[in-house]
Every structure is written in C-alpha cells, then in structure tokens.
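Worksheet: the structure to be examined is printed underneath.
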Amino acid sequence: MKILSINISEPKKIIFNGKELITSIYKKPIDGLVNVGDVGIDGDLQADLKVHGGYDKAIYAYSFQHYKFWSERLNQDFNDFGLVGENLTIDNFNEKDLNIGDEISIGSCILQISQPRIPCYKVGIKMNNRDFPKIFSQSCLLGSYLRVLETGKFKSGDEVEISKREKNSMSVYDISDILFNDIKNIDKMKKALDLKFLTEEIKERFRERLMKLGDFSSL
C-alpha cells in the first residue's frame, strides 16, 4: 500500500439551504513531509470535535480504489483527492483486510486502526447528494480512523505497511456491517464489545442497541 495524497483543512464556513455551517470536510492535498502529532497531522483541524478528531480519530484514511466505485455508482468522475474528507488517500486500503487494532507503519509513524468512519450529513453536502450518507454507510466502504501510537513524519508516496496484526479481532468492514446493515446480530455485537482497541464510541452504540434488543448481559 502507498499514500497517494495527504489532505488537510481548517474549518470553513459554507452556506447550505440558506444556513451557515462550519465544516472541515473540504480537505486539500499538500506536498512534502508532514509532522504527525498525537491528535493528527499538523495544520488539519476539525470543526466538530464531538464526532471528529481526538486521540481515537486522529487521522482518517480512505482507499483510492473506492473512487472508481463511487464514480460508477453516482455516474460522476471522481478523481480529486480528499473525496470524502479523508486525510490519507491510500491506493488500496481495503476494509475487509484491516482489523481493529492492527498497527500500520508509515514513514517514522506507527498508527492503529480504531474504528470505521461514521458518516454525517456533511458528507452528503460534499458529494452534492443528500442520499449519499445512507448509501455510503450501507456500502461499508467507509475507510478507517487511526490512532497515532508513535508520532513522527511521513509524506505522499510513502509505503503503508501493516506492521502488527491484532489477533482474534474483527475487520473494519465487519464492524461497519453490524453498525449499518446486520443491525440485530447480537452475537457479533457482543464480540465487538470484547475488542480491546475498538473505540468506546462504537461500543456504546452497540450497548445501546443490545439493550433495545433485550440483551443486558454486556452491561
């Protein structure tokens, strides 16, 4: 795997349906070596820290191979990096091959898979398609958030290597599937709750859903 583009942004104001919104989803490619700290890439800021950013979601990575899928699905030609607001556009970042807790080496940094992206309505604005958040979610082609285990530097063109596999984990795709499609699968949700490196944000979603389904054994 290889980084094709590093994309960052600061919060900016946009007008949508006559209302002013602040968002950082319009990320643009940058060149050269970048500094990576505990909470992400220098110069990249989030508009809403309740749903983006922080230690568990310091960097968002997405596969360039999915650009072709969305181009065909939405009958548009998507080539500009940062398509869904990702920080790292990686040539082939397959959610089915990436497990929660896997460690990834890029440049002098070590990152860790923490959770899939949870789409909000702003990605629909970015894609100019109000149905996109739902379509995006159900596809499970959501990319992954990454923790920064070791800070350092990297640049576009650097190799992306899985340096440590988390045993007895679940893939990013599997977590996305039980979040948005297989939503009543009690066994899989309980398995996900046992994953050491899955974020508390996702675990809390599963706990709430299990309660609604009448299963209180994980509380």
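Can you pull out every residue in the stretch 96-105 that is surrounded by 19 or more Cβ atoms within 10 Å (Cβ to Cβ) and charged (D, E, K, R)? Passing the criteria: D102, E103.
Of all residues in the stretch 59-81, those satisfying the criterion of being closer than 14 Å to N7 by Cβ and at pLDDT 95 or above are I59, Y60, A61, Y62, S63, F64, Y67, F81. Scanning the stretch 9-34 for residues that are closer than 22 Å to E150 by Cα and within 20 Å of the chain's Cα centre (by Cα) yields I30, V34.
The values are calculated or read from the model by the stated rules, or taken from the named source; none is laboratory data. Note that the coordinates shown come from a computational prediction; the quantities given were computed from them, not determined experimentally. All Cβ positions, even for glycine, are placed from backbone atoms using ideal geometry, and neighbour counts span all protein chains on display.
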